[in-house]
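See below for the structure under consideration.
Rule-based calculations on the coordinates, nothing more; no lab input. Given the structure is predicted, the values throughout are model-derived calculations rather than measurements. Cβ atoms come from the backbone with ideal geometry, glycine included; neighbour counts cover every protein chain shown.
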Ligand SMILES: *Cc1c(COP(=O)(O)O)cnc(C)c1O
């Protein structure tokens, strides 16, 4: 059989047509149960819309958790990925490729990284943070006369989420995620969120690094203040510790800026990126700022087989180009402001947080999980990181009309969720 014949027959035999409930029965007997039962079986997407196996349409206000920056099946990103794959798909890191180099240069340019800054490519957010964790371990030399010979302390925040692999999990605060896998890599302490005094008290000459998310996404979209970020920069500089910012969720236009910290007036030592970077294609990056930090990891000390491969880096280059050339950042600011204003006008909504199109809002009862279900029924994909908290992280190309359609539906979704909760309580 020729490759062409193979592709024609594979299209019809690899995946048969089935209903959502048939697929879910097969899912539960073939996939590991770590994610619980999926909400829907999705088969197709276009822009901010997706369709499930039963043909129902949804407005995707979660964007694959802040991943589908340009929505689904973006024509430019799709064609760049396809043509790169048809040209050169993988080479290993014994070699490099033009898209890898061009993407590294582009990331250094958009993050305004100073001379000597460098990039390491990974495949996911947790892998980018693993690389950052190893970078922090290499910042081990204590100052002369210090009471400890080595820096071993790494500081992260209560509520932090940095990923699920062992190093990133050690940085993650949530007990339910951590406890089953202890012992985790040591030396990590978690300090209260947003408490500048606690931070100043914790950072000392034994501190290798401080890890911060400018806005904690998984914790319900909780922003750190500019004052906090500046205090973190001052304290880490004074102690010789690295300031490492996890912008896996907040980076690449999510807040209407390339980086969430863009206006804070600080230069971090390192930033991690993933989620939106590849426009839906898996890719992560660690950017180290300045020469000294960039030379902490030396030849042979870290590596990856897939990281920085031609297809992933082409996908990211295409995503960045589309964001830049199509006015996407301005759209994020405008539609984000419109959504937040509309949400603030809804009676049951008690607080609205976030920047750009990373939005969290609280409701006045424990109905957020029921709202997710009611929203699906009404044709909207949303997420509840807490019992009273909803998170929205839609494609950055969401239109004002699409945002309004959700705002119009929201009172009904809240009412339906409250009714379900009242019935369950009986
Ligand atoms: C999602 C996320 C991660 C983990 O990324 P994965 O690609 O799921 O490994 C790390 N940090 C933050 C802030 C995230 O939002």
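Structural remarks
- Principal axes of the range 109-155: Cα extent on each, largest first, Å: 39, 26, 15
- Using only alpha-carbon positions in the range 1-129, the gyration tensor eigenvalues give semi-axes of 33, 22, 16 Å once each is multiplied by 5 and square-rooted (largest first).
- Förster-model FRET efficiency, 35 Å R0, residue 324 and residue 178, C-beta, rounded to 0.05: 0.35
- Global form of the range 291-379, assessed from the alpha-carbon gyration tensor, a/c cut-off 1.5: prolate
- Global form of the range 139-249, assessed from the alpha-carbon gyration tensor, a/c cut-off 1.5: oblate
- For the chain, the C-alpha radius of gyration divided by 2.2 N^0.38 Å, with N the number of residues, is 1.01.
- In terms of other Cβ atoms within 10 Å, 277, 169, 6 run from fewest to most in the order 6, 169, 277.
- Between the alpha-carbon centres of the range 257-329 and the range 33-88 there is a gap of 21 Å.
- Beta bridges by DSSP in the range 79-325, antiparallel share as percent, to the nearest 5: 45
- Net lengthening on full extension, residue 341/residue 14 (0.36 nm per residue, minus Cα-Cα): 113.1 nm
- Once divided by 2.2 N^0.38 Å, the Cα radius of gyration of the range 79-325 becomes 0.98.
- Cα gyration tensor shape for the range 253-296, rounded if a/c is under 1.5, else prolate or oblate: oblate
- Most mobile listed residue (179, 337, 241) in the chain, GNM with C-alpha springs under 10 Å: 179
- Cubic angstrom per residue, convex hull over Cα atoms of the range 197-300: 123
- Residue with peak Gaussian network fluctuation, the chain [Cα springs, cutoff 10 Å], from 404, 204, 345: 345
- Residues of the range 63-99 with amide N under 14 Å of a point placed 7 Å along Cα→Cβ from residue 401: none
- Pairs of Cα atoms farther than 18 Å apart, the range 316-426, %: 50
- With the biggest extent put first, the Cα atoms of the range 231-352 measure 56, 41, 26 Å across the principal axes.
- Taking the fewest neighbouring Cβ atoms within 10 Å as the starting point, the ordered list for 371, 32 is 32, 371.
- Ratio Rg/Rh [Cα only; Rh per Kirkwood] for the range 157-196: 0.96
- Of 91, 363, the sequence from fewest to most neighbouring Cβ atoms within 10 angstrom is 91, 363.
- Computed per residue of the chain from DSSP H runs no shorter than four, each worth -39500 (n - 2.57), the mean residue ellipticity at 222 nm is -12500 deg cm²/dmol.
- Looking at the range 184-321, the DSSP beta bridges with both ends there are about 45 percent antiparallel.
- When the Gaussian network model of the chain links Cα atoms closer than 10 Å, the mean-square fluctuations of 292, 395, 369 top out at 292.
- Rounded to 5, percent antiparallel among DSSP beta bridges of the chain: 65
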